[in-house]
Amino acid sequence: MKKQELVDILLDNTKNDWLFKEADRVRRENVGDEVHLRGLIEFSNICKRQCKYCGLRSSNKEIERYRILKEEILLYAKKAVEMGYQTLVLQSGEDEYYDTDKMIEIIREIKKFDIALTLSIGEKTYEEFKAFKEAGVDRYLIRIETTDEKLYQEMHPNASFENRVQCLYNLKSLGFETGSGCLVGLPNQTIESLADDILFFKELDADMIGIGPFIPHEQTPLKDAPKGDFWLALKVMALTRINLPNINIPATTAMETLNPNGRIIALQSGANVVMPNVTSKEYRAKYEIYPGKICINENPEQCRGCIEAKIKSIGRTISQTKGFRNKLS
Ligand code: SAM
Ligand code: SF4
Ligand code: FES
């Protein structure tokens, strides 16, 4: 689609039902009815960055920080594999303790389980990405957050928009399945820039796109900003599916935080992936990127059972494969 068409659809709420049904059809025809479950390990909430929207930003002194060390990460990984997960996602703040060598030790151990591995640990140099790839990492997630450069700079003090874009192209050129995505509802974000975000995903030929509504966090500079709109986030996601038909799109936790049925609605509007948490309860509340996060009182078994039941209730099946991008269609 052209930019103006995207803008028109995003502005017009009279055809939302059509849009969601169309995205659901494109999803079914291109990636089928299987839902891929990715087990998420949030292994450190320590972060050197200052993203204005995020509760993990380094200047938030009220949050209790934690770091899960290698042996414990491997324990969660083993349990997740036993529960049937075929992909694990290791996510953290930008925590310098985990240098390339430490990450590679963890990667090598996890890859022994014969599963796909995704990292979501922030911006790295080309050489670091290359070392991760050589150690066996399959996928890497870096949301662009917004393609509005001015807004990006406002939201990310001391960070470089150019470098974030470069990281994504480096990941692509190194052969990673590359994930990106954006926040919907940042202060001063325009509908035009959301259309640009979708065009950026297309231009990058992203393999995975995660869209989440912005949720204000009390201990950040954006505490008084209004929260993002669930339906607008869903529309950006549906349009992403229509424009990139065969990619993997998660029904995000932030969507379910704003709408109790958010992940199921998302799965029926273009999404085909869910990322349940596989770490123990003690860490979940502390990984508070935004308030009201779901699943903080559940354990990995409960989340697996819960999400399987929800997926089956809408007539979809759980994938038994590693769930790489379906490049055939
Ligand atoms: N530190 C890595 C990074 O930023 O790429 C990975 C972890 S970070 C917590 C993962 C995602 O959380 C970010 O890409 C951002 O879009 C999302 N996030 C952070 N704060 C948020 C908020 N207040 N509302 C919604 N999503 C948020
Ligand atoms: Fe750190 Fe990621 Fe949060 Fe930014 S979004 S403060 S990089 S954890
Ligand atoms: Fe965690 Fe439903 S997925 S409780």
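The values are calculated or read from the model by the stated rules, or taken from the named source; none is laboratory data. Just so we're clear, the structure is a prediction, and the values are computed from it rather than from any experiment. Heads up, the Cβs are rebuilt from the backbone with ideal geometry, glycines too, and the neighbour counts pull from every protein chain shown. Please note that ligands, DNA and RNA were not included when accessible areas were found on the heavy atoms of the full protein model with its side chains. Shrake-Rupley method; radii C 1.70, N 1.55, O 1.52, S 1.80 Å.
For segment 15-129, list the strands (runs of 3 or more DSSP E) that sit wholly inside it and hold at least 1 residues that are within 16 Å of ligand 3 (Cβ to nearest atom); which are they?
Values: elements: 34-44, 87-92, 116-120.
Per the criteria, 34-44, 87-92.
Mind checking which pairs have a first residue in segment 103-123 that is under 17 Å from Arg67 (Cα atoms) and open to solvent by 10 Å² or more (accessible area, probe 1.4 Å) and a second that is outside any loop (DSSP other than H, G, I, E, B) and at pLDDT below 95, Cβ under 8 Å, 6 or more apart or different chains?
Here the result reads none, with nothing in segment 103-123 linked to a residue that is outside any loop (DSSP other than H, G, I, E, B) and at pLDDT below 95.
Being within 16 Å of ligand 2 (Cβ to nearest atom), over 14 Å from Ile289 (Cβ atoms) and open to solvent by 20 Å² or more (accessible area, probe 1.4 Å), is that true of even one residue in segment 19-38? Don't jump to the end; show me each part of the working.
Initially, segment 19-38 is screened for residues within 16 Å of ligand 2 (Cβ to nearest atom), giving none.
Among the residues of segment 19-38, not one is within 16 Å of ligand 2 (Cβ to nearest atom), over 14 Å from Ile289 (Cβ atoms) and open to solvent by 20 Å² or more (accessible area, probe 1.4 Å), which makes the answer no.
Provide a single number: the residues in segment 273-297 that are within 8 Å of ligand 3 (Cβ to nearest atom) and touching a strand residue (DSSP E or B) at 6+ places or on another chain (Cβ under 8 Å).
Result for segment 273-297: 4.
Looking for whichever is touching an Asp or Glu at 6+ places or on another chain (Cβ under 9 Å), touching a residue at least 40 places away in the same chain (Cβ under 8 Å) and at positive phi here; the options are Gly185, Gly179. Which one fits?
On the way: Gly179 fails: at positive phi.
From the options Gly185, Gly179, the qualifying one is Gly185.
If the Cβ limit is 8 Å and pairs must be 6+ apart or interchain, which residue in segment 293-322 that is of a type in the set (Lys, Arg) pairs with which residue that is at pLDDT 95 or above and open to solvent by 60 Å² or more (accessible area, probe 1.4 Å)?
Arg316/Asp33; Arg316/Glu34
So which residues in segment 130-162 are away from ligand 1 (no atom under 14 Å from the Cβ), surrounded by 16 or more Cβ atoms within 10 Å (Cβ to Cβ) and part of a loop (DSSP other than H, G, I, E, B)?
Across segment 130-162, the qualifying residues are Val137, Asp138, Asp148.
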